[in-house]
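S.K.: Structure provided below as structure tokens; questions to follow.
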Amino acid sequence: MEKSKDKVKEPFSAYGSYSYADYLSWQMDEMVELIRGKVFRQAAAAPRRIHQEVSMVLSNTLYQFLKGKTCKVYVAPFDVRLPVSSRKHKDIDTVVQPDLCVVCDREKLDELGCVGAPDLIIEILSPGNNKKELQLKYEVYEASGVKEYWVIHPDERTLLIYTLEEGKYRSSRLYTMGDCINSQALAGFELDLDEVFGEL
């Protein structure tokens with residue numbers, strides 16, 4: 001008997017509002033994120049080469065620095081749940097997959113990823129996702145208490161750091177090649193941007 005060629009209905013609607021419990025029930029090939037209950041699709045295509053190279057340099061540099069320390073670095077895909085009032089799956093309406101994140105409180109880690117704000121989140125911009133990273137994620141990261149949030153623009157070879165101070169983000173100047181930056185969230189960590197962007 002010939003299989004039905006009917007399209008499989010997506011488990012969510014662009015107009016719906018969903019929780020992490022819903023998210024866990026979806027069986028999909030593509031990655032999605034939830035921001036305040038709304039579904040955002042990840043790019044259908046694989047990340048571009050330049051994105052991957054920046055991610056590899058950063059993850060390796062952070063891994064080497066954190067060896068033997070309490071903090072751990074994770075790379076996407078890795079679910080970060082940002083609860084507001086409850087850690088129950090049905091009550092969490094924001095789950096994101098940052099390109100990289102560092103978690104220093106091991107109590108926030110479980111078999112599904114991280115529940116609660118990482119100490120550091122790094123997002124590497126790709127064509128088409130700038131609004132999500134720069135506006136929507138900025139707002140939830142600030143509200144959730146992410147201590148430090150880096151936004152990297154690989155095409156322009158720039159890095160902007162947002163540091164949480166008294167519940168609000170303070171922006172750094174725009175860093176680029178030739179700069180060496182320090183992290184306030186990870187004491188002693190320095191990053192030479194020539195090493196990040198030099199071979200792109």
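Any read-out appearing in this document is the output of simple, stated calculations on the displayed coordinates, not a laboratory observation. What you are looking at is a predicted structure, and each value in this text was computed from that prediction instead of being measured. Here the Cβ is made from the backbone with ideal geometry for all residues, glycine too, and neighbour counts use every protein chain on show.
S.K.: With +1 on the Cβ of every Lys and Arg and -1 on the Cβ of every Asp and Glu, and nothing else charged, how large is the dipole of segment 47-197 about its Cα centre, in debye rounded to the nearest 20?
M.R.: Dipole magnitude for segment 47-197 comes out near 340 debye.
S.K.: So, counting K/R as plus one and D/E as minus one, what does the shell of residues with Cβ under 11 Å around Tyr63 add up to?
M.R.: Every neighbour counted, the sum reads +3.
S.K.: Given a Förster radius of 35 Å and the C-beta distance between Ser13 and Ser85 as r, what FRET efficiency does 1/(1 + (r/R0)^6) yield to the nearest 0.05?
M.R.: With a Förster radius of 35 Å, E is 0.90.
S.K.: Contact order normalised by length for the chain, with contacts defined as Cα pairs under 8 Å and 6 or more residues apart; what percent is it?
M.R.: Worked out over the chain, it gives 15 percent.
S.K.: For a protection proxy built on the mean count of beta-carbon atoms within 10 angstrom, sort 14-22, 115-123, 152-160 highest first, please.
M.R.: Highest mean packing first, the order is 115-123, 152-160, 14-22.
S.K.: Roughly how tilted is helix 49-66, in degrees to the nearest 10 and between 0 and 90, from the longest Cα axis of the chain?
M.R.: 60 degrees
S.K.: Then there's this: Restricting to the chain, compute how many DSSP beta bridges are antiparallel as a %, nearest 5.
M.R.: Close to 80 percent.
S.K.: Moving to a separate point now. Net charge near Ile181: determine it from the other residues with C-beta under 9 Å of the C-beta of Ile181, scoring Lys and Arg +1 and Asp and Glu -1.
M.R.: Taking every Cβ under 9 Å from that of Ile181, the sum is -3.
S.K.: Also: List the cysteines in the chain whose Cβ has no other cysteine Cβ under 4.7 Å from it.
M.R.: Cys101, Cys114, Cys180
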